[in-house]
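What follows is calculated from the coordinates using simple rules that are stated; it is not laboratory data. If you're wondering where the values come from, they're calculated on a predicted model, not measured in any experiment. Positions of Cβ are generated from backbone atoms using ideal geometry, with glycine treated the same way; all protein chains shown enter the neighbour counts.
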Amino acid sequence: MPYGPHTAGDRERMLAALGIDSVDALFADIPESLRASRLDLPGPEPELELAARLQGLAGRNRTDLASFLGAGVYRHWTPPNVDQLLLRGEWYTAYTPYQPEISQGTLQSIYEYESLLAELVDLDVVSASHYDGAAATAEAGLMTCRATHRDRVLVSKAVHPHYRQALLAYFGHGLELDDIPLVADGDAAGTTDLAALERLLADGERPVAGVIAGQPNFFGLLEPMAEIGRLAHAAGALFVSVIEPVSLAVLAPPGAYGADIAAGEGQPLGIAPQYGGPYLGILASTDALVRQIPGRLVGMTTDVKGRRAYVMTMRAREQDIRRDKAASNICTNQALLALAASIYLATIGPHGLRDVAAQGAARAGRLETALAAVGAARVHPGPYLNEFAVRVPDARTVHRRLIERGVLAGLVLGDIIPDEPSLADALLVCATEVTTDAEIAQFASALATELAGSAMAAGGPATTSASVTVEAAR
Amino acid sequence: MTVVGEQLQPSLFERSRPGRGGDKIPHPPKDALDRIPADARRATPPALPELNEPEVVRHYVNLSQLNYSIDTGFYPLGSCTMKFNPKLNEWAARLPGFASLHPLAPDEVAQGTLQLLFELEEWLAEISGMTAVTLQPAAGAQGELTGILMIRAYHRSRGDTERDEVLVPDSSHGTNPATASMAGFRTITIPSADGGVDNEAFKAALGPRTAAVMITNPSTLGLFEPRIGLLLEEVHAAGALAYMDGANLNAILGRFKPGEAGFDVMHFNVHKTFSTPHGGGGPGAGPVGVREALLPFLPSPRVLRSDDGSFRLERAGERPESIGRLRSFVGNTGVLVRAYAYLRAHGGTGLRQVSDDAVLAANYLRKRVGEAYDIPFDRVCKHEFVASAAGIKKRTGVRTLDIAKRLIDYGYHPPTIYFPLTVEEGMLIEPTETESVETLDAFADALIAIARECETDPELVKGAPHDAPVGRLDEATAARQPNLRWRPMAGAEMPCPD
Amino acid sequence: MVPSDLRYTKDHEWVRVDGDEATVGITEYAASQLGDIVFVELPDTGRSVAQFAAFGVVESVKAVSDLFAPLSGEVTAANAALAGSPELVNGDPYGEGWMVRLRLAAPDEVEDLLDQAAYDALIAAG
């Protein structure tokens, strides 16, 4: 046993105390006909060999590429103190703080998470916490239905496709989900179509519970959030803003433009990409919706001696007490990731967070210039923060070839949104504070070579050269 | 109104001083945000605290020391399987190849992780006797929702649309009925009889409207459901499907494979059975195994192996009957790396030994605790058992809650109390396989000593804990007038201890 | 001992009938079983409730219970004071801790309810 304590003598002592000679007697209650077949699995692996196996697998992943891939998960500089503090066993080997007297560390840290995020989103109540941005958005959609006693939600087509799919899965029973189309062309191309939204809201037969839009949206564009909120509220619907937390250091927060609920992915706050999770679902609301917000809440109170202390509160909303009438079935949450986000925010501070957001915007601006110089122009003209789509002929092939040149050229939009012809030849690319000028130059240069190659293969003249690109990126 | 105790910590906001903090990020150019329209910009910066790194480190180290954890002591929290969390697993999950891999990285870039996930699915399928496993659900509760949504899709695919009920035993986890409601089903609660499902009530409730039955086996009382074979036959005869809540899998590794026995779908709690850390409440991961009939409905994307031996994710729309996705990306991969390492470290023989040792420890402790407490179901248990202080309460007025709080003074985390709801003054005790017999004895001695204190000095027990960082809390005020976030203006009124 | 001028449900609600109007709350026994009550969810005025159907929810720190209407009728008032001071239910369950007033649809239904003696017996039986 790799971690078990029992010697043969220990086991014998326990068996003797129970008056049995074999542990098999403790499984006699499993009917014979239902007993398991032998576990057809390899034998135990000593730590040294297992470590080598794990290193081998990790080594088969290519994380050496110059990456411009974002699409909801972003590379950032995480100060090393975040992970070193997270590695304290008192944090990660504790469980839900059911016994507040010996869980004040976790409880205070969650209360502080709620407070930090409340500042960031400018709303009153922050749930701690949800699985990821998609699940948090789905829960936000359900919240609007409970709060308004209506059963139809509108979601912008520029919300992350995975979030929209999660909404669809969570909305399978008796609730309706309608897409809000996007503006097709002009200055606002790629953002939520306000005129279409107004029409969808005007259907008196099918009143709308909530309107969901993202800021920045999936294509990196800035949405007219205040307008969307006004239209939603005028129709008696709630407004859900899907946010990216780092951007809130520089972009107007949901509370400032009238959002009732904010949902989003907390991964950019000090959490590694790790191929999909664990991440941090952010879910926040106004005070008016505090009874509707699912998930744990920690509040400040006092102990018997009047000392400040923290405790899980409003527990009777949750599944372990309310069972089939609970607002959500959520039980396990992402407390350790909420802790990571808190340590990250405490370490980086308000000025640091602004620098992260602004630096990403600056690098993205240089990326735009460099890519445009080699012929990859933006798909949408509107303002963006640090992510944007570019038009690249035969995007899927080019994307694959660039990997051979050491560049992960963002996301092939046609792969994630296959039903949108206007995005068939587009890449979604991003930059953050960790994106270097050298990486931008490498991307532009490699892209120039690929485009020249395919242009020549097609018989046309090469329009750009690698040297131009490098110049543009500087 | 409040003061900060000796061992407690000022909040991050109280520690903040304007101007503190270190430059972690180079300053951006002044014009970085010029292209952002003014109305989209934040007018006032967020009032986040300003601290230098040493202050941050001290804050979180001191806070951590107010926590009880597996790494500091025995944590027999029934139903939660608080076993040791191997350090190798933490190391593995942080290997840069795993940690920095983007979830939308193309398959050719992600072969190592895809192989790991593929193998993990195979291991879990073998352990559970299921045909296939999805690793997507982020936690057990999301796994339950995944399972119930697949069951709904299964019935619908057969044109069987009248089934709108899910049967759940009264001893189940709250997540079961909450999940059924989320998926649009009505929950029918089945009473217990002698520690198992009441078969008569069960048969009466089962019918053409039953979509699924959700059973935890071993039950939340730590008892193997003796009539499980019969129950499963009845479920299938009624055209319903059987869901197994795998929360208690730690008891039956290598002894009982739910898929072989006739369960159609089950979830795994990897933070329980496979040692991934509980993290103060999460993260978890809730893989779900299914038998043949539910394969078409598994969430997408699945991890597939191509003919050339390489691995790939299923493409959008590749399996049209899929229930879709309940979260972003492929799953909580970082958690799954840890579970994989745990499985490989044990191998098939080690996993069976895990359950043997967990069940042996629970039965040994049941015997010892029975010296001073009622054991409502005093027969062979699986990995956990219920003790009750009902007799003590009758004699002395001391409640299970008090005894739990007194255990804190003795240096232990209390067991799960008042769950399952069906046992009066219940304590659900789960020792796990990683605790030594000396620890088990010392814990039993402590419980026995407390039982004696209940007779000799009940007020001592009722006032516990006496040695914790804080005493019992005013939970009523916390719920009536919730204070859920720091308000900077309140800071001035708060005395700051440093 | 519980008040003698009231009628009771098996689910521990009380009702005080006054002509075709009635006031509803939960009994002292129910309040003490629940413990510190922290939230009461009540229906809007104008809503119709059916006898023995759930019309609201009462929450304590660690428990939750549905409220069942003793009699059918239309809600004419809900006790707004409970929103800010749910502890009134613990402190004065038969007075300031009342929950809703109903305009009765079928006053005869009162015959289906327990009187003081029957309710005392119910509690005594535990």
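Can you pull the mean other chain C-beta count within 10 Å for peptide A:161-167?
4
Hey, how many Å between the Cα centroid of the stretch A:344-384 and the Cα centroid of the stretch A:388-423?
19 Å
Would you work out which of A:P80, A:T397, A:A195 lies farthest towards the positive end of the dipole of chain A? Charges go on Cβ: Lys and Arg +1, Asp and Glu -1.
In chain A, that residue is A:P80.
Report the FRET efficiency, 1/(1 + (r/R0)^6), for B:L460 and C:A81, where r is their Cβ-Cβ distance and R0 is 45 Å, rounded to 0.05.
0.70
Which order results if C:E109, B:E260, A:E433 are arranged by neighbouring Cβ count within 10 Å, fewest first?
Ordered by Cβ neighbours within 10 Å, fewest first: B:E260, C:E109, A:E433.
From Cα pairs below 8 angstrom and at least 6 apart in sequence, can you work out the relative contact order of chain A, rounded to a whole percent?
In percent, rounded to a whole number, it is 18.
Do any trypsin sites (Lys or Arg not before Pro) in the stretch A:8-57 lie in a DSSP loop with no more than 11 other beta carbon atoms within 10 Å, and if so, which?
Counting only loop positions with at most 11 other Cβ atoms within 10 Å, the trypsin sites (Lys or Arg not before Pro) in the stretch A:8-57 are A:R38.
Divide, for the stretch B:411-466, the radius of gyration over alpha carbons by 2.2 N^0.38 Å, where N is the residue count.
Rg over 2.2 N^0.38 Å, computed on Cα atoms: 1.26.
What is the sum of charges, Lys and Arg at +1 and Asp and Glu at -1, for the other residues whose Cβ falls under 14 Å from the Cβ of B:F377?
-3
Grab the DSSP H runs of chain C that are 4 residues or longer, score each as -39,500 (n - 2.57), total them, divide by all residues and round the 222 nm result to the nearest 500 deg cm²/dmol.
Using -39500 (n - 2.57) per qualifying helix, the result is -4500 deg cm²/dmol.
So what J values fall out for the stretch A:422-428 if you push phi through Karplus, 6.51 cos²θ - 1.76 cosθ + 1.60 with θ = phi - 60°, rounded to Hz, Gly and Pro as x?
5, 9, 4, 10, 9, 10, 9
5 Å is the cut-off here: which amide hydrogens, built 1.01 Å from N in the peptide plane, fall below it relative to B:G246, excluding neighbours closer than 5 in sequence?
Residues meeting the criterion, in which the H sits 1.01 Å from N, are B:H267.
Which net charge results when you count Lys and Arg as +1 and Asp and Glu as -1 among the other residues whose beta-carbon is under 9 Å from that of B:I215?
Here the charged neighbours net out to -2.
Which FRET efficiency value, to the nearest 0.05, is calculated for B:Q481 and A:D419 with the Förster distance at 56 angstrom and r the Cβ-Cβ distance?
0.65
Would you calculate a helix-derived [θ] at 222 nm for chain A, using -39,500 (n - 2.57) for each DSSP H run of n ≥ 4 and dividing by the full residue count, to the nearest 500?
About -12000 deg cm²/dmol.
Cut-off under 25 Å on the C-alpha distance; same-chain residues fewer than 8 positions from B:K83 excluded. Which lysines are left, in chain and number order?
Within the straight-line limit of under 25 Å, B:K83 reaches these lysines: B:K257, B:K272, B:K367, B:K382, B:K405.
Count neighbours as other Cβ atoms within 10 Å of each site's Cβ, and list the chymotrypsin sites (Phe, Trp or Tyr not before Pro) in the stretch B:1-90 that are DSSP loop with at most 16 such neighbours.
Of the chymotrypsin sites (Phe, Trp or Tyr not before Pro), not one in the loops of the stretch B:1-90 has a Cβ with at most 16 other Cβ atoms within 10 Å.
Using the Karplus curve 6.51 cos²θ - 1.76 cosθ + 1.60 with θ = phi - 60°, what ³J(HN,Hα) values do you get for each residue of the stretch A:134-147, in whole Hz, with x for Gly and Pro?
5, 5, 5, 5, 4, 5, 4, x, 5, 4, 5, 5, 5, 6
For every helix of n ≥ 4 consecutive DSSP H residues, a contribution of -39,500 (n - 2.57) applies; sum these over chain B, divide by its total residues, and give [θ] at 222 nm rounded to the nearest 500 deg cm²/dmol.
-11000 deg cm²/dmol
If Rh is defined by the Kirkwood formula over all Cα pairs and Rg also comes from Cα, what ratio Rg/Rh do you get for the stretch A:132-199?
1.01
Sort B:K24, B:K394 so the one with the fewest other Cβ atoms within 10 Å of its own Cβ comes first.
Least crowded to most crowded, the residues run B:K394, B:K24.
Between the stretch A:16-41 and the stretch B:59-73, how far is it from one alpha carbon centroid to the other, in angstrom?
38 Å
Let's see if you can work this out: charge +1 on each Lys and Arg Cβ, -1 on each Asp and Glu Cβ, no other charges. What is the dipole magnitude of chain A about its Cα centre, in debye to the nearest 20?
About 320 debye.
Let's see if you can work this out: charge +1 on each Lys and Arg Cβ, -1 on each Asp and Glu Cβ, no other charges. What is the dipole magnitude of the stretch B:1-137 about its Cα centre, in debye to the nearest 20?
640 debye
Cα centroids of the stretch B:87-153 and the stretch B:234-288: how far apart, whole angstrom?
If we compute the Cα centre of each part, the gap is 15 Å.
Does chain A come out rounded, prolate or oblate by the C-alpha gyration tensor, with a ≥ b ≥ c the root eigenvalues, rounded set by a/c under 1.5 and, if not, prolate when a/b is larger than b/c and oblate if not?
oblate
Enumerate the amide H contacts of B:N52 below 5 Å, restricted to partners 5 or more residues apart or on another chain; note that Pro and chain-start residues carry no placed amide H.
B:G21
If you place +1 on the Cβ of every Lys and Arg and -1 on the Cβ of every Asp and Glu, how big does the dipole about the Cα centre of the protein assembly as shown come out, in debye to the nearest 20?
2040 debye
Which ³J(HN,Hα) values in Hz, rounded to whole numbers, follow from the phi angles of the stretch A:356-365 under the Karplus curve 6.51 cos²θ - 1.76 cosθ + 1.60, where θ = phi - 60° and Gly and Pro get x?
With the stated coefficients, the stretch A:356-365 comes to 4, 5, 6, 5, x, 4, 5, 5, 5, x Hz.
Which of A:H399, B:H271 has the fewest other C-beta atoms within 10 Å, and how do the rest follow up to the most?
Lowest count first: A:H399, B:H271.
Once amide H atoms are built 1.01 Å from N in the peptide plane, which residues 5 or more positions from B:A132, or in another chain, come under 5 Å H to H?
B:V290
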